[in-house]
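Below you will find the structure I want to go over with you.
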Amino acid sequence: MTAPAHPARLELLAPLTGVMMPLDQVPDPVFAQKIVGDGISIDPLVGELLAPASGTIADVQATSHAVSMVTDEGLEILMHIGIDTVALNGEGFTARVKAGDEVKPGDLLVSFDLDTVGAKAKSLLTQILILNGDAYTALTPATGQVTAGKSVALTVELPAGAEQEATPEQSPSADAHHGENVAAAAAPVAAAPVAAAAVPASADGTVTSDPIAIPNPTGLHARPAATLVDIAKRFTSDIKLHSGERSGSAKSIMGIMALGLASGARVTVTATGDDASEAVAAVADAIREGLGEEIPAGTPSTLDTVAVAAVAPSENPEVAASADAAIAQANAAVAAAEPAPAKDPNLLEGVSASPGLGFGTVHRITHEEIEVAENAADPVAERRALDAAIDRSGLELDELQRRLTEEGDKDRSAIFAAHREILGDPELVEVAGGFISEGRSAGYAWKQAYTAFADQLAALDNEVLAGRATDLRDVGQRVLAQLTGQGGGAMELPQDAILIAEDLTPSDTAQFDAEKVAGFATIGGGASSHVAIIARSLGIPAIAGVEARAMDIADGTRAMIDGAAGILRLNLTEDEVTEIRGRQERLAAIKAEEDSHKDEPAITLDGHQVAVVANIGNAKDARNSMEYGAEGVGLLRSEFVFMDRASAPTEQEQAEVYAECSRALKPGQPLVIRTLDVGGDKPLPYLPIPPEENPFLGIRGVRVGFEQPEVLATQVRAILTAADAGAKLYVMFPMIATIEDWREAKRIYDETVAASGLHEAAANVSVGVMMEVPSVAIMARQFAAEEGLDFFSVGTNDLTSYTLAMDRGHPRLAPQVDPCNPSVLAQIGAAAEALHARGKWLGVCGGVASDPQAVPILIGLGVDELSCSIPAIPSVKAAVRRVSAAECQELARQAVTCATPAEVRALVPLEAV
Ligand code: PEP
Ligand code: MG
C-alpha cells in the first residue's frame, strides 16, 4: 500500500481576524518579494494570533512578535506580527506558548495590543509564511475579511505522498529540506562577495569563520535572517551558524531565528563542501555588514577578531575543544574592545524638504488616544449611539464647510467636504456594525473599523493614499469624540512649535495656525513629497524622512530644524542657541535684502535675463505668487482642481479656476497649465483606474487622458475658454514618454479645438510637454522638430526619479534622489540645446529650480525659465543676479563632467549662495 500519509491538501485556518492582503503589497521588500517565503498577509482587526494548524511550536522570538511552528504535515510556518515590530522590544506583545508546545488549530499563540503596536510599528500587517518551499506544490490564499480560527486563510497543496518529516527538534538546524533550492540557486556563487581575510579549513574540509558579534541593533530577526538565507543559498556547501551550544542552518530562516541572536550575540559560521571557503567568507562578511540593515558605526562586529580554525563542535569533538577555546578568546577580545562611539543622540537626520532655520520647542502631533470600553451589553443601544455620533459629526462638518466657504477659504472647505464623504462611507459603518453585533461597544467597534481601513491605505506606501489614511483617522477621531465626549478640540500649538509627526497632510496643516509653526519634521515622505510641497508653499523650514526616534522626543524639548541641511538638533547649549540666533539674523538680513528687490527682473551680471515664475495649485497661490515677485506661473498643477471632490469638476468649474488664476497675474504674463497628472499612484474616486503593480510605471499623467480622452478634451476646452482672461496661456502634457504620446495628446488637443470652434482662443495658446522621462531628454532633437511643440518644462522631481530608478518619496533612497546628479543635469543641457536650435524654449518646474545652489548651473545649461515654489522666488532672483552667464556656462560645463551630485554642489558652495 502506498497511500499518502497525509491529505494532498491542507487548509490553514486564519490565525487572525482581519482583512487579507496580497503578500506583494506588503511595504517591506523582504516579505513582498517572498524572500522569507510565500504565504499571506492579514491586516488584523483583533490582537490575537491563533495557531492555523496542528503542530509544534518551533520558536517564539524573545520579543514575542514572531512565532514559528512546524505543522503535523511538516510545513514550517513563520507568523510575523506587523512590520519592523522587532524594534518594539516586546512592548504590546504577550506570548501564550513556548518552543516545544503542541498546538491545535485555533489555540492562542500571542496576544498583542493593537493600539500600542499600531501606534509604534510601521504597519500591523501580519505575515503568515511557509518557509520550506519544497513542502508544498501550490498555495491559494483567501481574499477579503477572515475570522481567526474559523475561515480558511490559505489552502496548501501538498506533494503527493508527503510524509511527516520535520520535527521541531530538527527544524532549528533544518538543513535537508533546502536541497532543491540550494541546487537551483548555486549559479551566482561567483558573484558572491569574498572576504579579504583568508578563512582556514580544518582537516575534514570544514571552514570556520572568526567569531562575529551581531551588529544589528535588534538582532537577527526575520528581515536580516531572510537576507542571510538568501546569501547562504548561493552556495552548495552546508553552512551553519553556531552560538554557544546551539547551531542552526544558515539556509533556514527558522533555524536562524531559533538561535535567538540578539544584538551583540557572538556567532561563528561554518561550512562544509566544495565552496566552503567562499561561503563562510561571504556569509560572515554579510553578517558583519548588517545584512542590509543600518548598523551604528563602530559596532563590535567590525572590530578585529581572532581567527579560528575548527569544525562544528557537534561534528568533531576533538577540534571542537580547540574551537571553543579560540572562540572564547575571540569573544573576550571583542568584549574588551572599546565601546563604540555612540551616534550623537541630539542630532536626527532626514532630508531637506523646505529650506530655512526654525528654532523653537518640540510639539509632537499624534492622534489623541480616546479610551473606549471593549464590550457592551446592548447592541441595539450601541448601534443607535454610533448612528447618532455619526449624524452629529456630519452636522459639525457641514457647519465647518459652510463657514469656510463663506470666508472664501475654498481649500480648507474642500478638505472638510472630503471628510463628509468619508463619514458617509457605507462600508466603514457596516464593518463597525458587524463588531457591535458581536457584543462590542460602539466606540470600540468604530475605532477598529476606521483604524483597519486607514492602516490598509497607509500600508499601500502611496503618498496620496497615505494622505487619505490620515483623513480617515481624522474623521474617525471626530466621531469617537462625539461618542465619548473626549478629545476633539482644535490643535493648540505653542508659539514657535517644531512639529514632529509621522506624516502631515493638508488636513493637518489646515488645522493649525501657520504663524505659530517654526518648522516641521516628518518621519514619512521625501524631498518631493506632499508635505514638502506644503511646507515650501507656507515658507516653513521642514525636513522629511527623519529617523523614527523623533517621535520619542518629549514635547517642549528645545530644538532647531535646519531645512536646507535636513537635520533636527535637540537640547542645544546656550552657545549653540546664540550661534543659531546669529545665523538666523544673518539669514533674515539676506532675506530682507532679497525681498526688497523681489519685483525687479532677474538679470545676470552680464545682462542675461531669466524668467522666474511660480508653481501653483490654485488661484489663491496665483495671487500669492504676485506678492513674492513672480513673473507669471510656470506650473499650475491642475490635479488640485480635481482632488478632494466626490465628482469631476465640470468644464465650467474648471474654466472658472483657470480664468481666476489668469486674472491674478499681470496681463500678458505666462500661465502654464499642466493637464491632469493623476493615475494609479494618485487615484481619484470618480476616475477609476485599476490598481497596478507598479503605478509609477503605469497609467499616470497623460496616459490617463489617452484612456479617457473625454477627460482631457473637457480640460482643453476649459483652458481655451479661459484664454482671454489676461495671462498668456500655455498647455503642457505630463508624463510624455514617446513621440507617439506627444502626437496623440496633440491630436486630442487639435480635435477638441476644431470640434469646439475655439480656433481664435487656441491661436494665442502655446503647447508643450513636460520632460519627466529620460526618453524625452534623449530624443530631445526629435521632439524639438515636432510641429506645434513650442516648449519643454522639465519636471526634475520625476526626471531624477526615473533616471536613477529611485522612488522620490522613499524614506531610505530619497537622499540620493538629487536632481544635481550629473546624469540629470546632462539631460537638461542637451534638451535646452536641442530646443534652442529650433527657436523653442525650456523651463524647469521641478524642485531644483527653487534651489539657489543649483540656479547658476541651470542658467549655464541654457534654462530659460525657472518655475519655483512661491516663497523661493526672491532668493532665486537674487541667485541669478549674483552671477554672470559666462561664469554659469563654465560651471555647467564642469557640472556635467562631475562624478557625483556632491561634486556638483561643491562647485557652488553654500556660502556663495
Ligand atoms: C516634477 O516631476 O518635477 C514635477 C514638477 O511634477 P510633480 O512634482 O507634480 O510630479
Ligand atoms: Mg512630475
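Quick one: what are the phi-derived ³J(HN,Hα) couplings along region 420-425, Karplus 6.51/-1.76/1.60 with θ = phi - 60°, whole Hz, x for glycine and proline?
Rounded to whole hertz, the list is 4, 5, 4, 4, x, 5.
Across region 852-866, in residue order, what do the Karplus-derived ³J(HN,Hα) couplings come to in whole Hz, using 6.51 cos²θ - 1.76 cosθ + 1.60 with θ = phi - 60° and x for Gly and Pro?
x, 5, 8, 4, x, 5, 4, 4, x, 7, x, 5, 8, 9, 10
Within the set of other residues whose C-beta is less than 11 Å from the C-beta of GLY350, count the net charge using Lys and Arg as +1 and Asp and Glu as -1.
-3
Let me ask you something else. Relative contact order, percent, of region 743-815 when contacts are C-alpha pairs under 8 Å separated by at least 6 residues?
27 percent
If amide H atoms are built 1.01 Å from N in the plane of the peptide, which residues on other chains or at least 5 residues away come under 5 Å of the amide H of LEU154?
Those lying under 5 Å, H to H, from LEU154 are LEU12, ALA142.
Considering amide H positions built from the backbone, and no H for Pro or chain starts, which residues 5 or more places from MET770, or on another chain, come under 5 Å of its amide H?
For MET770, the qualifying residues are PHE733, MET735, ILE736, SER793.
Something else now. Leaving ligands and nucleic acids out of the surface, order GLU651, GLU547, GLU427 by accessible area at 1.4 Å, largest first.
If we order GLU651, GLU547, GLU427 from most to least accessible, we get GLU427, GLU651, GLU547.
On each of the three principal axes of the Cα atoms of region 690-806, give max minus min coordinate, whole Å, ordered largest first.
43, 34, 24
Using a Förster distance of 35 angstrom, determine the FRET efficiency expected from the C-beta separation of LEU347 and GLN25, and round it to 0.05.
0.50
Using DSSP to call loops (not H, G, I, E or B), can you name the chymotrypsin sites (Phe, Trp or Tyr not before Pro) in region 642-694 whose Cβ has at most 16 other Cβ atoms within 10 angstrom?
TYR686
For ARG645, what accessible surface area do you get with a 1.4 Å probe? Give it in Å², rounded to 10.
Number for this one is 80 Å².
For region 597-912, what is the percent of antiparallel DSSP beta bridges, rounded to the nearest 5?
Around 15 percent antiparallel, to the nearest 5.
Give the lysines whose C-alpha is closer than 20 Å to that of LYS104, dropping any in the same chain fewer than 8 places away, or say none.
List returned: LYS150.
Another question, if that's okay. Which entries of LYS598/LYS840; LYS516/LYS620; LYS516/LYS591; LYS746/LYS840; LYS122/LYS447 have Cα-Cα distances beyond 23 Å here?
With Cα atoms farther than 23 Å apart: LYS598/LYS840.
Let me ask something else about it. Note the full-extension length gain between ARG893 and LYS591 as 0.36 nm times their separation in residues minus their Cα-Cα distance, in nm to one decimal.
Gain on extension, ARG893 to LYS591, equals 105.7 nm.
The values are calculated or read from the model by the stated rules, or taken from the named source; none is laboratory data. Predicted model only: the values in this text are computed from it and were never measured. Note: ideal-geometry Cβ built from the backbone for every residue, glycine included; neighbour counts use all protein chains shown. Please note that ligands, DNA and RNA were not included when accessible areas were found on the heavy atoms of the full protein model with its side chains. Shrake-Rupley method; radii C 1.70, N 1.55, O 1.52, S 1.80 Å.
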